[in-house]
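The values are calculated or read from the model by the stated rules, or taken from the named source; none is laboratory data. Predicted model only: the values in this text are computed from it and were never measured. Note that we place each Cβ from the backbone using ideal geometry, even for glycine, and neighbour counts take in every protein chain shown.
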């Protein structure tokens, strides 16, 4: 009796909950490992890509065009990929996307190492990468929703997000070392290799999922009309969102909030640290690192409990905390307080992100998850390029500090307005 009692206490310990996804799901380790491996390669690429572009052209406008060429096919693909994901084998779609991304990154690496890579070539290859990235993301979200079953959902999401934040701390440093001591081509080659390793994990993931469903009777075939009527499928995805105010209100609200927060974070915070405050470059790097540390801490705390009450208030409270941290950053009296505010910003956004992912997995039927996930991603990304342009233009016109204050305040006001909606405030 004593060993059983001690085992029970161990399984119920807060930190012990993070081992449950590995113990309860054969598929989870392969999905988790494959994603963090490929994300490591992507985080390296996001550092070395600007270095490559600036070394070829020295032009910020060209770098902006490269990012636009990546984002446009990605955004266009999202509504289409939602339909595809809900009609075909989702793991096979992920495998196809990984093979394609491996080929694209391998081509960029080979061209860069041979010294023949040009900007027009890069436009074509980055556009293809964005296209297959837009196919992969809804498929991954849909598979994640089926693998992260209710008994492991909180711990699995927390562990996954903490792992991603850890990779975000490692990847940029690794990319910087590769560019400094080798070349950008080696960094792209590493990214290609990570997609190959992720592909191996996906093959084992598919085997694990097939073995888990083998004893059950096969699913009934999908009628031909359902597989061809993409308009009806799209309307069905919209209907799922409309049936849950928490989902559609939050997606609409964060179309705007993401513009406010991301515009400030991506464009004005580097300027704030380097130009406005005149701090050394390492201070900004340290602040970004502590944003990740704050996010990891939030994931650790959230994952220690299996269930949380008042999730609506918690989620929007986290987003509110993040907005307040951004608003206060221009008035930080020194580097230490600015770094602390960055950590608070990362903590708040992670709380919101975790609750949002878990609520999607709780509320959306598996057969419609691809369409809903694609609509969510579309709402998150579609207007970001416009937001970046507006933030940059306004900062040149009225000043960076004023622009930070305006956009942070607008984001906070939007969150406060949404909290006035009972369906959001009382969401459990």
**Message:** Is it the case, given these coordinates, that residue 364 is closer than 22 Å to residue 154 by Cβ and either surrounded by fewer than 21 Cβ atoms within 10 Å (Cβ to Cβ) or modelled with pLDDT under 80 (or both)?
**Reply:** yes
**Request:** Would you check if residue 123 is touching a helix residue (DSSP H, G or I) at 6+ places or on another chain (Cβ under 6 Å), surrounded by fewer than 19 Cβ atoms within 10 Å (Cβ to Cβ) and assigned by TED's automatic domain parsing to the domain that holds residue 44?
**Result:** yes
**Message:** Looking at 148, 132, can you tell me which residue is modelled with pLDDT under 80, under 21 Å from residue 94 (Cβ atoms) and buried (at least 20 other Cβ atoms within 10 Å of the Cβ)?
**Reply:** 148
**Request:** For region 337-346, indicate whether the set of residues that are modelled with pLDDT of 70 or more, under 20 Å from the mean Cα position of the chain (by Cα) and surrounded by fewer than 23 Cβ atoms within 10 Å (Cβ to Cβ) is non-empty.
**Result:** yes
**Request:** Take residue 238 and decide whether it is surrounded by fewer than 20 Cβ atoms within 10 Å (Cβ to Cβ) and at pLDDT 70 or above.
**Result:** yes
**Asked** What's the number of the condition residue 312 fails, among (1) under 17 Å from residue 257 (Cα atoms); (2) modelled with pLDDT of 85 or more; (3) buried (at least 19 other Cβ atoms within 10 Å of the Cβ)?
**Response** (2)
**Item:** Criterion: closer than 30 Å to residue 25 by Cβ, assigned to a helix (DSSP H, G or I) and at pLDDT below 65 - qualifying residue of 227, 198, 211, 217
**Value:** 227
**Complete:** Of the residues in region 52-66, those that are surrounded by fewer than 19 Cβ atoms within 10 Å (Cβ to Cβ) and at pLDDT 70 or above come to 55, 56, 57, 65
